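The values are calculated or read from the model by the stated rules, or taken from the named source; none is laboratory data. None of these values were measured; they are calculated from a predicted model. Here the Cβ is made from the backbone with ideal geometry for all residues, glycine too, and neighbour counts use every protein chain on show. These area figures cover heavy atoms from the full protein model, side chains too; ligands, DNA and RNA do not enter into them. Shrake-Rupley method; radii C 1.70, N 1.55, O 1.52, S 1.80 Å.
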Amino acid sequence: MANVVVLGAGIAGHTAALHLRRMLGRHHTVTVVSPNSNWNWIPSNIWVGVGKMPKTKVVFPLAPIYAKKGVDYRQAKAVAVYPQGDADDARGAVEIQYTGQDKAGQTEKIRYDYLVNATGPKLKFEATEGLGPDAGNTVSVCTADHAVEAAEKLAATIAKLKEGQPQTLVVGTGHGTCTCEGAAFEYTFNVDHELREAGVRDLATLYYLTNEAALGDFGVGGMIFNQGGFESTSELWTSSLFRERGVKPILGTHPHKITSSTITYETLDGEMHDLDYDFAMLLPPFGGHPIKAFDVAGNDITDQVFAPSGFMKVDADYTPKPYEEWRADDWPKTYQSVGYDNIWAVGIAFAPPHQISKPRKTPNGTVIAPAPPRTGMPSGLMAKIVAKTIVDRIQIGPKAVSHHVSMTEMGAVCVASAGTGLTRGSAAAMIMDPVVPDFTKYPTGRNLATTRGEIGLYGHWSKLMLHYLFIYKAKALPGWQLIPE
């Protein structure tokens, strides 16, 4: 009998757990450890955040799904890992601290034969002074509860506009090293859409504050589209949308301090600026969760297992290199932990070797560099191949060859909402292939035959369809495994 433990129940962790349970006999155990009691389809938090979808449509309880599928579920957070075992048992162990199930605060050690780290991001609002819901200045759509609060504050802002009070709204990134610029882009244009639907757009000034050096960068260095024999860039494509909607972009920024009325930020030229605002939704940077690692003697080996960011080191090349020397081969293929052949990290939890976009510094030494996105479709693909590897190790033996999938080989589909509505909604549908450019294989870094982008009503219908499709999949309803990651 083998014991497989999955840390996290987001897209990556939940996907890994369901596939493991599907492929392994019931004499093997699959245990999921997650501090959250609900699963959240995060891409639709955008719609919750503008009041167009209730929270109940984007979350559901995990416990009933796992009970039905025979997955052992612990509502807890991982606080330490013992990859070499300890004095009591040679098997690896994870120390957890319960957050629910009537055991809040209690700790326990869980033994494993195979471990999947899919803990997702720690939302580092503290990285910028005054950032985030807890500080009371800016809102967020990173969680369903955050999105509910964002919708309430947006509604209050629209109410003031209806009373004839001009308002300044700011959407974007709250730190120079943020990721998920696509989510900020989505929320910007959903806010714009709601302002127009409310008939108050003329009284509102809407800014897009971002760490991207150019529009359309999205943390992936931008894209080149070849459609109908003509080449276009994601910068040109998105710039036209900003002009059409009257959204004012401020590029290459790092917010230093946020008060209840002012955002103080630095730009790539090293200049400091103040932007007064009435409503702001700014995303935080991501970090790894604070999990410690110890050897069999109890010595701290955290720096061997995890990068300084808190993300787990895997089969990537972490040698420091200048941007000009970055290669596709730097990126991981199996997501196996460094030094341990029974541990993997997937989704946000693995440490990337470097950014995808070119990193920049201001003359003051401030880093302004979008972090590489590793969410959504890539997370699901990584989780599935790691699940397959574990199954082969159990069924064939420890010499079974690892399954491979690199972000330099996988394509990804992104549908970015630009406003909801069955007849008036729109979305930007983008395909990039591969996610991480491979300049040895493609002159432009990506396959121009399959990298493309379009915007329109059909995009909104596609995003709405994906919402229901992936909720269905995550609930492990009949045929769920046939739905692609």
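The table for this structure:
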read-out: Mean separation of Cα contacts under 8 Å (6+ apart) over length of the chain, as relative contact order %; value: 16
read-out: Relative contact order [Cα under 8 Å, 6+ residues apart], the range 367-472, whole percent; value: 21
read-out: Dimensionless Rg/Rh of the range 374-476 - Kirkwood Rh, Rg from C-alpha atoms; value: 1.09
read-out: The range 119-274, relative contact order [Cα under 8 Å, separation at least 6], %; value: 22
read-out: Diffusion coefficient, µm² s⁻¹, Stokes-Einstein with Kirkwood Rh over alpha-carbon pairs of the range 1-58 at 37 °C and 0.692 mPa s; value: 253
read-out: Kirkwood Rh, Cα atoms: Rg over Rh of the range 321-360; value: 1.03
read-out: Equivalent ellipsoid semi-axes, the range 1-127, via Cα gyration tensor eigenvalues times 5, rooted, Å; value: 28, 18, 13
read-out: Rg to Rh quotient for the range 57-200, alpha carbon positions, Kirkwood Rh; value: 1.11
read-out: Two-decimal ratio, the range 279-348, of alpha-carbon radius of gyration to 2.2 N^0.38 Å; value: 1.35
read-out: Pair-distance profile P(r), taking every C-alpha pair of the range 242-284, with 10 angstrom steps and integer %; value: 25, 52, 23, 0
read-out: Unit Cα scatterers, Debye sum, the range 49-107: log10 I(q)/I(0) for q = 0.17, 0.19, 0.21, 0.30 Å⁻¹; value: -0.79, -0.88, -0.94, -1.08
read-out: Kirkwood hydrodynamic radius (C-alpha pairs) into Stokes-Einstein, the range 252-310, 20 °C and 1.002 mPa s, D in µm²/s; value: 145
read-out: Sequence of Met407, Met272 from largest to smallest accessible area, 1.4 Å probe; value: Met272, Met407
read-out: Size of the range 165-312 as Cα extents on the principal axes (Å, biggest first); value: 66, 48, 33
read-out: Student exercise, the chain dipole from Lys, Arg, Asp, Glu Cβ charges, in Debye to nearest 20; value: 1600
read-out: Over the chain: Kirkwood hydrodynamic radius from C-alpha pairwise inverse distances, Å; value: 23.2
read-out: Geometric extent, Cα atoms of the range 103-167 - Rg, Dmax (angstrom); value: 19.0, 63
